[in-house]
Amino acid sequence: MLRADHLIEQLPHKPPFLFLTEVLEVEIGVRAEARWDVVGDEDFFRGHFPERPIVPGVLIAESLAQLSGLVVFSDPAGSVRQASLAQFDVRFESQVRPPAGLHLTSTLTRSLGPLHLFDVCAFNDSIRVARGSLALSATEETE
């Protein structure tokens, strides 16, 4: 396993649309684990049930997609190629309210040319809050 906190800096995503706080481990071409700390002052809470904030499920899915990109599109030297989310089927099992420390996992299950399929899970305090699958496709870099 590769400890890869520096890979967050190489992602094409930047705040406020970066939903990984810390990359815990990356086994390139196999799996990765990360953490997303949701504090409660994130801008999206201003409109997503401000009286009783809930982390939007689509952002949990996005955090899992960002992590999945690190599995197949990064290398130990610290470069990350871009990918596009091609498909996702994520089931949400529990609401996530701030503050929360989401533990994210992604495992590559199959690659078909430029398409990569993953099994993904998100946990909050060891309670599974989301699970499913997603597909990422390699993106051609254009200038």
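Brief remarks follow.
- Subset tally (residues that are aromatic (Phe, Trp, Tyr) and within 15 Å of residue 124 (Cβ to Cβ)) for the stretch 36-64: 1
- Whenever a residue of the stretch 60-82 is at positive phi, its partners that are at pLDDT 65 or above, lying with C-beta atoms within less than 6 angstrom and at least six residues away or across chains, give the pairs 78/6; 78/10.
- Count - residues of the stretch 32-50 that are among the aliphatic types (A, V, I, L, M) and farther than 30 Å from residue 112 by Cα: 2
- Test: residue 54 is without any contact (Cβ under 8 Å) to a residue 60 or more places away in the chain, surrounded by 12 or more Cβ atoms within 10 Å (Cβ to Cβ) and more than 16 Å from residue 100 (Cβ to Cβ): no
- So residue 91, is it farther than 19 Å from residue 125 by Cα, at pLDDT 95 or above, surrounded by fewer than 21 Cβ atoms within 10 Å (Cβ to Cβ) and not hydroxyl-bearing (Ser, Thr, Tyr): no
- Close contacts from the stretch 92-109, counting a first residue that is closer than 28 Å to residue 28 by Cβ and a second that is of a type in the set (Ser, Thr, Tyr) and loosely packed, with under 14 Cβ neighbours inside 10 Å, with Cβ to Cβ under 9 Å and a gap of 6+ residues or different chains, come to 103/126.
- Residues that are under 27 Å from residue 114 (Cβ atoms) and surrounded by fewer than 16 Cβ atoms within 10 Å (Cβ to Cβ), drawn from the stretch 14-31: 14, 17, 25, 27, 29, 30
The values are calculated or read from the model by the stated rules, or taken from the named source; none is laboratory data. A quick note: this is a predicted structure, and the numbers were derived from the prediction, not measured. So basically every Cβ, Gly included, is an ideal-geometry build from the backbone, and we count neighbours across all protein chains shown.
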